[in-house]
Amino acid sequence: MLRAAGVGLGDEVVVPAFGNVEVAEAVATAGALPMFADIDPATYCLDPAAVDAALTPRTAAVVVVHRFGLPADIGMLHALGRRHGLLVLEHGESEAPYDEIAQRRERAAFLDARLRGVRTPQGGVGHTYQQYVVRVPGNGRPDRDAFARAIRGKGVECRVPVKTPVHRLPDFRRCVSLPETERAADETLALPVDASLTKREMQRIAAACNALGGLLQPAG
């Protein structure tokens, strides 16, 4: 799509660094230079203000990534594109059947109501909970990793959604300030909300997390 739009050598394309290395790779394959902008800490999608700050006279396009089932603020980003004459492309996630999404939302609502000591995800209309991503407060990555080990020990499958931001990878290393991206990479953990999970399994997830909640009080 970038090549078809005439984006290539000498152009810059603004992309997120919070996961999706394939987006940066696609920009590089087109001959352009990926430029990283910070994310909104609530949605994990590109922050329109950060995108605006990352623009230069060489910027030709912005690639917006929808994260974890929550859409980016595409209206603001398209408005930004129109104002600066930029191509705005969307990189979405695979769509799940409606009944599966409905069951994920039920399980997400269950965890929202019961989890203590972690910051639950921002909900809102349109969230499909491709992943249920919480924040583990405390001392960033060490506490998040210890939390993950503890609940895995109680039989709860969990995963770190973004281990290393793209701007920290050897092929795309940049000296750029992305504090929300780095904080999210250090604090986030995806808990299971699969449609196949039973109520007993959901209760076990909440109990395992809450057993640690008193030790990890949310900041602020």
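The values are calculated or read from the model by the stated rules, or taken from the named source; none is laboratory data. Source: prediction; values computed, not measured. Here the Cβ positions follow ideal geometry from the backbone for every residue, glycine too, while neighbour counts run over all protein chains shown. Heavy atoms of the whole protein, side chains included, go into the accessibility calculation; ligands, DNA and RNA do not. Shrake-Rupley method; radii C 1.70, N 1.55, O 1.52, S 1.80 Å.
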**OP:** Go through region 111-144 and give me each residue that's in a helix (DSSP H, G or I), open to solvent by 60 Å² or more (accessible area, probe 1.4 Å) and touching a residue at least 40 places away in the same chain (Cβ under 8 Å).
**Re:** Arg114, Arg141
Original post:
Could we say that His84 is under 20 Å from the mean Cα position of the chain (by Cα) and farther than 27 Å from Lys163 by Cα here?
Top reply: no
Subject >> Single match in Glu106, Glu157 (criterion: in contact with a Pro (Cβ under 7 Å, 6 or more places away or on another chain), acidic (Asp, Glu) and closer than 24 Å to Ala211 by Cα) >> reply: Glu157
Subject >> Selection within region 178-194 - assigned to a helix (DSSP H, G or I) and either among the charged types (D, E, K, R) or surrounded by 22 or more Cβ atoms within 10 Å (Cβ to Cβ) (or both) >> reply: Glu180, Thr181, Glu182, Arg183, Ala184, Ala185, Asp186, Glu187
Subject >> Among (1) open to solvent by less than 10 Å² (accessible area, probe 1.4 Å); (2) among the aliphatic types (A, V, I, L, M); (3) assigned to a helix (DSSP H, G or I) - the single one Ile101 does not satisfy >> reply: (1)
**OP:** Output the number of the condition that Glu100 fails; it satisfies all remaining conditions of (1) within 30 Å of Lys199 (Cα to Cα); (2) in contact with a helix residue (DSSP H, G or I) (Cβ under 7 Å, 6 or more places away or on another chain).
**Re:** (2)
Original post:
When only residues in region 1-19 that are touching a residue at least 60 places away in the same chain (Cβ under 8 Å) and assigned to a loop (DSSP other than H, G, I, E, B) count, which is most open to solvent (accessible area, probe 1.4 Å)?
Top reply: Met1
Original post:
Any idea which residue in region 108-137 is modelled with the lowest pLDDT, counting only those that are more than 23 Å from Phe18 (Cβ to Cβ) and in contact with a helix residue (DSSP H, G or I) (Cβ under 6 Å, 6 or more places away or on another chain)?
Top reply: Gly117
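Please return the ranges of helices (runs of 4 or more DSSP H) entirely within region 20-86 where 2 or more residues are open to solvent by less than 20 Å² (accessible area, probe 1.4 Å) and in contact (Cβ under 8 Å) with a residue 60 or more places away in the chain. Show your work before the answer.
Values: elements: 21-29, 48-54, 74-84.
Output list reads 21-29.
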